[in-house]
Amino acid sequence: MKRTTKNDLDRHLILRRGIYHYKRRVPAIVVPKDKRAPHVRTSLKTSDLVLARSKRDALEAADNLLWASMITDEAVDAAQARYQAAVRRVEAMGYSYRSAEDLAAAWSLNDVVERLEAVMDARAPNASRRAVLGLEDVPQVKVSEAFRIYTDEIVHDELRGKSESQKQSWKKVKQRAVNNFIDLAGDKPIADITRSDAQKLYAHWLARIAPKTGRATHKATSGNRDLGNMRGLYESYFKHQGITVQQNPFENLSFSEKTKRSRPPIPSEWIKTKLMAVGAMAGMNAEARGVVLAMIETGARPSELCNLTRGSIFLDVDVPYIRIEPREDVDNPREIKTESSVRSIPLVGVALAVFKKHPNGFPRYLDKENSLTTAINKYLRENKLLPSAKHTFYSLRHSFEDRMKEGGLDEELRRGLMGHTIHRPRYGSGGALAWQRDELSKIALPFDQAIV
């Protein structure tokens with residue numbers, strides 16, 4: 001049996017007893033409406049891979065159309081149906097669809113001659129002839145609708161492992177790019193976007209990143225993110241529709257990014273005399289205070305700490321520790337930043353005291369790391385508990401890393417505990433955790449139990 005990913009040449013193809021089958025998961029958004037869910041399964045009745053691929057293409061396009069019609073009843077459906085039919089006719093004749101404009105822009109004598117010979121064949125139906133020559137109209141799908149198709153169909157499966165908060169954050173950034181573009185160029189059909197339209201978005205950000213007079217209000221990262229998201233939307237949408245795009249209007253539009261300045265660490269003496277002073281954070285709610293104190297001796301990211309649950313906090317073991325890994329709860333999944341972020345961190349000093357008080361984690365801030373960070377930074381600034389305006393709550397993570405360096409801890413151990421990539425096998429658990437705990441104990445800061 002052969003399975004492949006959606007980007008493979010043999011996607012959705014399974015070989016059983018010498019015969020190819022088409023198998024594809026029904027998107028979650030249309031499962032209630034498609035009686036074939038959770039999978040579409042069809043025998044292609046051929047052992048020839050080339051023919052199987054051709055049949056797969058037709059079925060794949062037909063399913064895309066069916067699912068689109070289930071999601072929306074807008075008038076664009078008829079145009080989509082007509083166009084997809086044209087794409088299938090072209091592929092059946094051995095060509096990929098290209099519009100007449102694309103053919104002219106990417107002039108190839110051999111390509112044009114082959115297409116003319118194909119349409120001159122008396123056996124070719126008129127509709128196929130129009131499609132081969134690129135004369136079939138591309139449906140006029142507006143940018144806003146293309147974005148809906150992008151989120152609901154094209155990348156819907158990629159969002160499965162994200163929590164609701166992560167999904168909202170992911171969509172919010174991309175939606176901003178779409179909104180900015182529409183404000184500047186209008187909600188026009190995505191096929192009608194020109195280089196001039198793309199340059200309007202570029203100019204919009206240029207005025208904010210590098211104004212001719214006055215100070216910049218935004219960094220290059222913001223503009224590059226918008227341009228990159230529009231470039232990705234344009235490319236992904238037409239690829240999904242089976243259209244060959246010769247020139248992406250957003251291609252090669254970007255801003256130079258200077259080297260990012262890392263947040264400065266908070267000096268150890270400041271942590272001991274200010275943050276860990278009795279009463280310093282008494283006005284902060286217990287869970288937020290617990291996250292701050294736990295971060296001092298674990299170096300974990302705020303999002304990692306506030307999303308710990310009882311199942312990832314281990315106290316009744318020889319070496320108490322927390323386990324940072326993706327949450328695979330069907331009802332409340334959550335991704336983590338990178339594969340190297342999966343790790344166990346022994347608990348020492350004030351961090352151990354914190355988790356003994358909060359063995360179930362910090363439910364008030366579960367999947368709400370943005371609210372947590374905002375609340376903590378606001379409190380620390382208002383109470384003058386940060387050394388400078390450049391410091392933030394996150395600076396404690398850098399402080400932890402610096403303290404490990406100054407304490408002479410092994411580089412690989414430091415990278416592993418920080419969740420950074422290492423190029424050798426990771427430390428295991430058990431005896432290794434005991435050694436890690438002993439190493440961390442060397443740099444643990446003294447504290448008064450009253451601050452927990």
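Odds and ends about this structure:
- Shape of region 156-241, Cα gyration tensor, a/c cut at 1.5: oblate
- In Hz, Karplus ³J(HN,Hα) per residue of region 9-24 (6.51, -1.76, 1.60; θ = phi - 60°; x = Gly, Pro): 4, 9, 4, 6, 9, 10, 9, 10, 6, x, 10, 7, 10, 9, 9, 8
- Across region 365-374, rounded Karplus estimates of 3J(HN,Hα) from the backbone phi angles (6.51 cos²θ - 1.76 cosθ + 1.60, θ = phi - 60°) give 10, 4, 6, 10, 5, 5, 5, 4, 4, 4 Hz, Gly and Pro being marked x.
- Under 13 Å, Cβ to Cβ, from Arg289 - net charge with Lys/Arg +1 and Asp/Glu -1: +1
- Each of His39, His391, His218, His398 was scored by other Cβ atoms within 10 Å of its Cβ. Arranged with the fewest first, they read His39, His218, His398, His391.
- Three-way shape call for region 363-426 based on the alpha-carbon gyration tensor, with the a/c threshold at 1.5: oblate
- Electrostatic bookkeeping for Asn179 treats Lys and Arg as +1 and Asp and Glu as -1; over the other residues with beta carbon under 15 Å from its beta carbon, the sum is +4.
- Footprinting exposure proxy ranking of Val178, Val291, Val278, Val348, fewest other C-beta atoms within 10 angstrom first, gives Val278, Val178, Val348, Val291.
- Our coupling estimate for region 239-248, obtained by passing each phi through the Karplus curve with A = 6.51, B = -1.76, C = 1.60 and θ = phi - 60°, is 5, 5, 7, x, 9, 7, 9, 7, 9, 7 Hz, Gly and Pro reported as x.
- Amide hydrogen neighbours beyond the local backbone of Lys142, cut-off 5 Å, H modeled: Ile190
- The loop-placed trypsin sites (Lys or Arg not before Pro) in region 195-280, going by DSSP, that have at most 11 neighbouring Cβ atoms within 10 Å of their Cβ come out as Lys212, Arg215, Lys258, Lys260, Arg261.
- Among Arg56, Arg24, the order by Cβ neighbours within 10 angstrom, fewest to most, reads Arg24, Arg56.
- Members of Lys35/Lys239; Lys200/Lys384; Lys55/Lys167; Lys171/Lys272 lying beyond 31 Å, as alpha-carbon distances in this model show: Lys200/Lys384; Lys55/Lys167; Lys171/Lys272
- At 1.306 mPa s and 10 °C, Stokes D of region 194-299 from Kirkwood alpha-carbon radius, µm² per second: 87
- Near Thr46, the amide H atoms lying under 5 Å from its own belong to Tyr20; only residues 5 or more places off or on other chains count, and H is placed 1.01 Å from N.
- In region 268-451, Rg over Rh equals 0.94, where Rg is the alpha-carbon radius of gyration and Rh the Kirkwood radius from pairwise Cα distances.
Readers should treat all values here as calculations from the given coordinates under stated rules, not as data from a laboratory. The structure displayed is predicted, hence computed values, not measured ones. As a convention, Cβ positions derive from the backbone with ideal geometry for all residues, glycine included, and neighbour counts pool all protein chains shown.
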